[in-house]
1. Once you charge only the Cβ atoms, +1 for Lys and Arg and -1 for Asp and Glu, what is the size of the charge dipole of the stretch 103-260 about its Cα centre, to the nearest 20 debye?
2. Length gain on complete extension for the stretch L203 to I9, per 0.36 nm per residue less the alpha carbon to alpha carbon distance?
3. In whole percent, how big is the carbon plus sulfur part of the accessible area of the chain, probe 1.4 Å, protein atoms only?
4. Can you sort S122, S38 by 1.4 Å-probe accessible area, starting with the largest?
5. Restricting to DSSP loop positions (anything but H, G, I, E, B) with no more than 12 other Cβ atoms inside 10 Å of their own Cβ, which chymotrypsin sites (Phe, Trp or Tyr not before Pro) remain in the stretch 67-169?
6. Using a 1.4 angstrom probe and counting only protein chains, how large is the accessible area of L15 in Å², to 10?
7. Helix-derived [θ] at 222 nm for the chain: sum -39500 (n - 2.57) over DSSP H runs of at least 4, divide by residue count, nearest 500?
8. At R0 = 51 Å, how high is the FRET efficiency between W21 and L120 if r is their beta carbon distance? Nearest 0.05 is fine.
Amino acid sequence: MKPRYLIPILYIAFLMLPIYWLVAMSFKTTNEILSGFSLFPQTFTLENYRVIFTTPSWYWGYINSIIYVSINTVISIAVALPAAYAFSRYRFLGDKHLFFWLLTNRMAPAAVFALPFFQLYSATGLFDTHIAVALAHCLFNIPLAVWILEGFMSGVPKELDETAYVDGYSFPRFFTTIFLPTIKAGVGVAAFFCFMFSWVELLLAKTLTAVNAKPIAAEMTKTASSAGYELGLLAAAGTLTIIPGAIVIYFVRNYIAKGFALGRV
């Protein structure tokens, strides 16, 4: 092995160690986890996964999370696309201040908005629904998506728009058939970050749900009891939680690399 490969391999192994440890713990009992150190399960068990796949509150936690994350991602991208196009193509009074104000919403901690959202959704009957969490996450994801997409759109020459209009394209047709495919990398990057924020966010998701739309992140807190944590069950739930993010990363990995190259990630 060449020496120049040694450091990257060691670094990757160091990054993968927590994931391996989590997966290994998911096949152990809690007693074995607490009894001592072991690289491999001494008593291999699938009981933790059986509990998750056979207990409605557990598997519905994953379904609820996927539902509101998908809704949030679609809404965020749909709203951010025309907004980003306006910022990238037009100059108007206060445009830079408005753009900065959008980003300040993303900078605010979620705890600031938990109580207002709770009171608003309780009064309107949206509490404990998927759309409630999805709309709450839009407050943070739309500014981020606008910022990312605006960078990609600014890299597309304005002459493309003018040429399309000269050729007789209407704006909706131009935007969907010509412009959108041009910035599909930006859409992929924005969708990825919207998905990941909504998937891992806990405070708003737990505050705005109770039973019907309770996410997996909130469900995982149930592993704590008077007898301690059910560590094996918690590890199994954590392992399954990683899978959707890994799948999304696999499909948008090339787009993320392009986002880094353009300086928008």
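1. In total the dipole reaches around 240 debye.
2. My answer for the length gained is 66.2 nm.
3. C and S fraction of accessible area: 72 percent.
4. I get S122, S38, largest accessible area first.
5. For chymotrypsin sites (Phe, Trp or Tyr not before Pro) across the stretch 67-169 that sit outside H, G, I, E and B with at most 12 neighbouring Cβ atoms in 10 Å, the list reads Y90, F92.
6. 90
7. Computed mean residue ellipticity for the chain: -24000 deg cm²/dmol.
8. 0.80
The values are calculated or read from the model by the stated rules, or taken from the named source; none is laboratory data. Only a predicted model underlies this, so the values are computations on that prediction, with no experimental measurement involved. Don't worry about glycine lacking a Cβ; one is built from the backbone with ideal geometry, like all the others, and counts go over all protein chains shown. Only protein heavy atoms, including side chains, enter the accessible area calculation; ligands, DNA and RNA are left aside. Shrake-Rupley method; radii C 1.70, N 1.55, O 1.52, S 1.80 Å.
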